[in-house]
Amino acid sequence: MLYSKIFGKTQKETKKYEAKNQELLTKAGFIDQLASGIYTLLPLGKRVLTKIENIIRQEMEKIGAQEIEMPLLHPKILWEKTQRWDSVDVLFKTKSQYHQEYALAPTHEETVTPLMKKILKSGKDLPIALYHITKKFRDEPRPKSGILRGREFGMKDLYSFHKDKDDLHQYYQKVIDAYLNVFYRCGLKEIKITEASGGSFTKKFSHEFNVLTNAGEVDLIYCNSCSFAQNEEVATKKQNDPCPKCQTPLKKGKAIEVGNIFDLETRFSQAFDLKFIDDDGQEKYVVMGCYGIGTTRLIGAIVEVYHDEKGIIWPEEVSPYQVHLVGLNLNERKIKEKCYNYYQRLNKEGIEVLFDDRENVSSGEKLVDSDLIGIPYRLVISKKTKENVEVKKREENKSKIVSLEEAIKLFKK
């Protein structure tokens, strides 16, 4: 992609932002705020989101989940059946000109359960796992923390249906492993799994996936030496207590919740009379599980964890491009030709390249913009590099001069 043609460039404004993710994503040209808690993803931001969604799809496929797409407009009667029309305080409600009332989906138990009731023919069909990746809406009283907490946001929902609790718990563990794979591939390697209250979505306990960062809204009691962690709201331990697993003194810290899973039991299958006939001919309610990942929230969490004073530092698998090609001295014909030839060669090799081809921008400004955008590798072509190229990893201070062939081998690793 030629940077001169991209929709949404870097910004030099010094406006104060509430959250670092909002500041950097806005200044680097990834998002634009339409209103409080409502954002447009610009081309660079959309590419990051697509990378995250594709990682999720790959990990969901590994655990046998099938992708569907459900409506975002829910008839009021469905939410009345579950007694949540008046109990979910963040529910957006709207009325059509024909006086029907609807909810804008904050979650999809009210649609996936009646869908399963229509399609499930036999207990032999269980277990079934369905997921979708879509927008969600929550009428937050005060959206904050940039794209971490908005009124409209991206979400991956997975719903599983089982004959009994044992089968659910086996699948529940598979989802935990799949989620850890998703977050690891997104660059979030220090994930703490905590037990927390299900809130208005379920009265049962749930588990949250949290990434430690000072920008977080969740308070954790956790162990630095093992996997033990608790949400402070339901914690049985406190800071400096010995860890119940390894006896290391516990710490307290803030974290961003990036995913959650719920054991729904038969809460929604009872509301919609979703049953099956077991092997003994007995009618039983289907046992359900629910599993969510905030996709746009993940973008914000990654930026909160991976940035420095210069800008964003994207993990390789979710970066909008692999390589940021920066052409300096483009007023000289030979250098300009070399830049375009190398750009075409990289594309032919299947390497994703953002090429800063701007001719009336200073070298210093181009390098500053490259650091702000945060693509993992910067490749500079200038008078200094002659027939070679200058390669630098975003998180490192030193660069090196190598041949284009050596650079291609490096990128393909």
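Laboratory data are not the source of any read-out in this text; all were calculated from the coordinates shown. Predicted model only: the values in this text are computed from it and were never measured.
For the range 124-236, compute Rh as the Kirkwood radius over C-alpha pairs and then the Stokes-Einstein diffusion coefficient at 25 °C and 0.890 mPa s; write the answer in µm²/s, rounded to an integer.
151 µm²/s
Pop out the Kirkwood hydrodynamic radius of the chain from its pairwise C-alpha distances, inverse of mean 1/r, in Å to one decimal.
After inverting the pairwise mean of 1/r, the radius is 23.6 Å.
Could you pull out the pairs from LYS9/LYS51; LYS81/LYS275; LYS174/LYS251 whose alpha carbons sit more than 22 Å apart here?
LYS174/LYS251
Rounded to whole Å and sorted largest first, what semi-axes of the equivalent ellipsoid does the C-alpha gyration tensor of the range 285-365 yield via the square root of 5 times each eigenvalue?
The equivalent ellipsoid of the range 285-365 has semi-axes of 39, 18, 8 Å.
The range 60-164: percent of C-alpha pairs farther apart than 17 Å?
Counting pairs separated by more than 17 Å, the tail of P(r) holds 60 percent.
So how many Å³ per residue does the convex hull of the Cα atoms of the range 1-117 work out to?
Spread over its residues, the Cα hull of the range 1-117 gives 184 Å³ apiece.
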